[in-house]
Structures are given as structure tokens and as C-alpha cells.
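Visitor: Quick one: this structure, given as C-alpha cells, is what I'll be asking you about.
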Amino acid sequence: MKILVIYYSQTGKTERAAKELADILKSRGAEVKQARIEPEEEKDYHTNITEAWKGVAAKIKLTLTDVLAYDLVCVGTPVWSSSPAPPVNGYLATCSGLKSKKAACFATYGGGSARSTLEKLRAQLEEKGAKVTGSLGIDSTRPFSDEVKDCIRDFAKNLC
């Protein structure tokens, strides 16, 4: 199974979760490509939160936007104002090849929960024709413990 794990991370927490997920999927025999979404411009915290709340799709640097070659696409984002980060919105706006593709999403959060963010990601993926098979919220306020790794491992088991 060919899997793309694509994510945006400003502080490194979502990147750490993406790496853990990719490593677990590889250990289960999947061929995994891990890619980072890069915005054309990094913005300050206040602007990021405001744009996330408004659902802005940030302009992104050229990245892997045609996912046709993958059996599964996993999209990761930090939770900002109960929403996906604008670079993730920008990626999904430009992404092609998702029709009838299996997809999953994960979000790291530092307060509240990831539910609203995951629902918005699911809606964006389904709007592109993807079949979302799973979602995971990861509390990034706790140390990256064995418990967190176990949650990611359980999530991965349901993907492949």
C-alpha cells in the first residue's frame, strides 16, 4: 500500500506526530512518503489564528499536490481557532487526485479539542471526493509519551 503523510507544522508538534505515524505505517509494510506543506509566507500568531478562523487558504510553495499515485492520503494540521491551519487549507484547495481515494486526518491541539478541526478537514477531503476512513486528535500539551504513541499506533492499525 502506498501512503502519503502530508502535514503542516509551525512548532514541530504536528511534524513529530506525522513522523511517528509514517514510521508506524512503514513498520506495518506500507510504502510511505512523508511531505511537509510549506506556506509561501510564515505569518505571526495573531494573523494565523484570525486566518484559520476565517478558513483562509494560504498560498503554499510547490509541494506534492497530485495524489493519484497513493492508495491513502493522511493529512495533518495543528488546531488553530478550532480550525485547520491556513497552509493545510491551501494545500487541499490545490490538491488533485482525491476522488474515490481513501483519506485520513489528524490534528494536534493544545487546548479544547480537535473535533471541529477534524470535522472541517473531513468536509474538505469529502468535497474533493475522498473517502475519509479515520481521524485522530492528539493532545500536544502532554509530553510525547508512550500513551500518545499508542494512540497513533491504534489509528495506524485502522488505516492499513
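Visitor: I'm trying to understand the selection: among the residues of segment 131-160, which are small (Gly, Ala, Ser) and out of contact with any helix residue (DSSP H, G or I) (no Cβ under 9 Å at 6 or more places or on another chain)?
Guide: The answer is Ser145, and nothing else.
Visitor: A further question on this structure: Can you tell me which residues in segment 68-91 are crowded, with 22+ Cβ neighbours inside 10 Å and either of a type in the set (A, V, I, L, M) or part of a loop (DSSP other than H, G, I, E, B) (or both)?
Guide: Of everything in segment 68-91, those that are crowded, with 22+ Cβ neighbours inside 10 Å and either of a type in the set (A, V, I, L, M) or part of a loop (DSSP other than H, G, I, E, B) (or both) turn out to be Tyr70, Leu72, Val73, Val75, Val79, Ala85, Val88.
Visitor: Which residue out of Arg142, Arg153 is assigned to a helix (DSSP H, G or I), surrounded by fewer than 18 Cβ atoms within 10 Å (Cβ to Cβ) and not aromatic (Phe, Trp, Tyr)? First the steps, then the outcome.
Guide: Numbers: Arg142 fails: assigned to a helix (DSSP H, G or I).
One residue alone meets the criteria, Arg153.
Visitor: Select from segment 17-28 the residues that are among the charged types (D, E, K, R), assigned to a helix (DSSP H, G or I) and either modelled with pLDDT under 95 or more than 12 Å from the chain's Cα centre (by Cα) (or both) and list them in ascending order.
Guide: Glu20, Asp23, Lys26
Visitor: Name, by its number, the condition in (1) of a type outside the set (Lys, Arg); (2) in contact (Cβ under 8 Å) with a residue 24 or more places away in the chain; (3) in contact with a Gly (Cβ under 9 Å, 6 or more places away or on another chain) that does not hold for Glu15.
Guide: (2)
Visitor: Would you mind stating whether Thr108 is under 16 Å from the mean Cα position of the chain (by Cα), surrounded by fewer than 18 Cβ atoms within 10 Å (Cβ to Cβ) and assigned to a strand (DSSP E or B)?
Guide: Against the criterion (under 16 Å from the mean Cα position of the chain (by Cα), surrounded by fewer than 18 Cβ atoms within 10 Å (Cβ to Cβ) and assigned to a strand (DSSP E or B)), Thr108 does not qualify.
Visitor: Right, next: Got at least one residue in segment 88-102 being touching a residue at least 40 places away in the same chain (Cβ under 8 Å) and touching a Phe, Trp or Tyr at 6+ places or on another chain (Cβ under 6 Å)?
Guide: Scanning segment 88-102 turns up at least one residue that is touching a residue at least 40 places away in the same chain (Cβ under 8 Å) and touching a Phe, Trp or Tyr at 6+ places or on another chain (Cβ under 6 Å).
Visitor: Also: Can you find, within segment 114-139, the residue that is nearest to Leu21 (Cα to Cα) among those that are crowded, with 19+ Cβ neighbours inside 10 Å and hydroxyl-bearing (Ser, Thr, Tyr)?
Guide: The selected residue is Ser135.
Visitor: Can you find, within segment 10-53, the residue that is farthest from Cys74 (Cα to Cα) among those that are crowded, with 21+ Cβ neighbours inside 10 Å and among the polar types (S, T, N, Q)?
Guide: In this case the residue turns out to be Asn48.
The values are calculated or read from the model by the stated rules, or taken from the named source; none is laboratory data. Keep in mind that this is a model prediction, so the values were computed, not measured. In this analysis, Cβ positions are derived from the backbone assuming ideal geometry, glycine residues included, and neighbour counts consider all displayed protein chains.
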